[in-house]
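Have a look at the structure below, then the notes.
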Amino acid sequence: MTRQYSKFFISIITVWFLLPWSMARSETVSAVTESLGKLQYVDDNGQVTGFATDVARAVAERAGVELDIAVMPWARAYKVAQEQSNTLIFSIARTPSREEQFLWVGILCQTPMFVWGTQEHADANYQSFEELRTQSFVVTQGSRMDAYLKQHRVKQLTSVANQEQILGMILRGRVDFTITSDFMMAEKIAKHGFAPNDFVPVFKLDDMDNPLSLAFGLDTSSELYEAFLNAFNELQSENVIADISKKWGTSCR
């Protein structure tokens, strides 16, 4: 009898390890993000929602896990994703400098990036970013825009933890420019009640055309990463992600 129970126990353990992640594991996975327009934000009920949030949750559900999403300043979210095991981060730009620092799950959004200023810069005809290096900029601390401006050694750079400050700083004349996408600028203008023509794009940054993505930090189990990667690809092929994009009216895919 003891031998029969031993064989049964061994069989159960063997089946457990042969099961895919989604069937063998049922747990909560940590995710970190920042508030970023329709992509991800905290609603009036205190719930994290948005296009990217819905995609992340759909991928997690297909992978057989739940997400525990924390919204925080981007610099902190970036640090947590790199230092805490099995942690998802979104929406993170897939830049060349980050390529080997994360495990990439899939593209959420891709949209052109511009340098933005006030109407007084509307007639400026900048031919290269080099002409803008002597101007002052404000961007979110720890963002890809922050890294880009530091790399190009602009004369004056202000990095803020809260991106809500940015447009007001430009209108008050404290700084000249910021960098963001056209759809994010439209959302910020509407949210804060500015006039649509208060801000104008003055230069397109072709070398910042990096997709916003879902990713894990390097300290992530291969089983979890593969489960999310496969889940994302399945949802994409089934047009589930496209349907979520339509639901939110995002114009960045």
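Read the figures in this text as sums done on the coordinates, not as results from a lab. Values in this document were obtained by computation on a predicted structure and should not be read as measured data. Cβ coordinates were reconstructed from backbone atoms using ideal geometry, including for glycine residues, and neighbour counts include every protein chain displayed.
Observations, loosely collected:
- Exposure proxy ranking for Leu171, Leu157, Leu212, based on other Cβ atoms within 10 angstrom of each Cβ and starting from the fewest, stands as Leu171, Leu157, Leu212.
- Net lengthening on full extension, Asn239/Leu218 (0.36 nm per residue, minus Cα-Cα): 4.7 nm
- Inter-site label distance for Gln84 and Gln127 at 7 Å from Cα along Cβ, in nm: 4.9 nm
- Based on the convex hull around the alpha carbon atoms, the stretch 143-253 presents an average projected area of 9.6 nm².
- Value in Å of the Kirkwood radius, where the stretch 113-208 supplies the Cα pairs that are averaged: 13.3 Å
- Across the chain, Cα pairs under 8 Å and at least six residues apart give a relative contact order of 29 percent.
- Here each label is just a point 7 Å from Cα along the line to Cβ, and for Asp43 and Ala147 those points are 3.2 nm apart.
- The distance from the alpha carbon centre of the stretch 105-129 to that of the stretch 159-205 is 11 Å, rounded to a whole number.
- Over all other residues within a Cβ to Cβ distance under 12 Å of Val71, the charged ones net out to -2, with Lys and Arg as +1 and Asp and Glu as -1.
- Each of Asp68, Asp206 has some number of other Cβ atoms within 10 Å of its Cβ, and from fewest to most they run Asp206, Asp68.
- Where Cα atoms sit under 17 Å apart: lysine pairs in the chain separated by 8 or more or lying on different chains: 4
- Sparse-neighbourhood loop sites, trypsin sites (Lys or Arg not before Pro) in the stretch 72-152 - DSSP loop, at most 15 other Cβ within 10 angstrom: Arg133
- Using the rule -39500 (n - 2.57) for each DSSP H run of four or more residues, divided by the residues of the chain, the 222 nm mean residue ellipticity is -11000 deg cm²/dmol.
- Projected area, mean over directions - the stretch 97-138, Cα convex hull, nm²: 5.1 nm²
- For the stretch 80-179, applying the loop criterion from DSSP together with a ceiling of 13 other beta carbons within 10 Å to the GluC sites (Glu not before Pro) yields Glu99, Glu100.
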